[in-house]
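The values are calculated or read from the model by the stated rules, or taken from the named source; none is laboratory data. On a predicted model such as this, the values are computed, not experimentally measured, just so you know. Cβ: placed from backbone, ideal geometry, glycine included. Neighbour counts: every protein chain shown. For accessibility, only protein heavy atoms count, side chains too; no ligands or nucleic acids. Shrake-Rupley method; radii C 1.70, N 1.55, O 1.52, S 1.80 Å.
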Amino acid sequence: MNEWGYGESDRAVTDLTELLVRTAVADGGRRISVHLADQDRRALIVALSHRTCTAATDAALLPRLTRLGAVSCGSDVAVGGRRVWAVLDL
């Protein structure tokens, strides 16, 4: 995030990204995708498992993301796999 001028947010970005990636990896697929975008001093981090999973998201996930600094977060399952995401202020 330093390259984008948001160095003060590096720890929160790292912690949120690690949790989102671990959640996607836990679905047991062969690959995941991570997407990062910024707009209006906010970052969106999305991890996609690429494996359709019918298991419910761990009830502790969203509160954990919030404690790590997410101002908004969520999880859903689509044809392309489970998607978990977090938005944080930069």
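Here is how the numbers come out for the structure above:
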item: Residues being modelled with pLDDT of 95 or more and surrounded by 19 or more Cβ atoms within 10 Å (Cβ to Cβ) - total across the stretch 70-83; result: 2
item: Every residue from the stretch 15-37 that is open to solvent by less than 60 Å² (accessible area, probe 1.4 Å) and modelled with pLDDT under 90; result: 27, 28, 29
item: Pairs with Cβ under 7 Å, 6+ apart, first in the stretch 55-69 and modelled with pLDDT of 95 or more, second in a loop (DSSP other than H, G, I, E, B) and charged (D, E, K, R); result: none
item: So residue 46, is it among the aliphatic types (A, V, I, L, M), surrounded by fewer than 13 Cβ atoms within 10 Å (Cβ to Cβ) and in contact with a strand residue (DSSP E or B) (Cβ under 7 Å, 6 or more places away or on another chain); result: no
item: Lone qualifier among 61, 90, 68 - being touching a Gly at 6+ places or on another chain (Cβ under 9 Å) and under 23 Å from residue 10 (Cα atoms); result: 90
item: Residue list for the stretch 38-54, restricted to those being on the phi > 0 side of the Ramachandran plot and either modelled with pLDDT of 95 or more or touching a helix residue (DSSP H, G or I) at 6+ places or on another chain (Cβ under 9 Å) (or both); result: 50
item: Some residue of the stretch 50-59 being within 20 Å of residue 30 (Cβ to Cβ) and either under 13 Å from the mean Cα position of the chain (by Cα) or of a type in the set (S, T, N, Q) (or both); result: yes
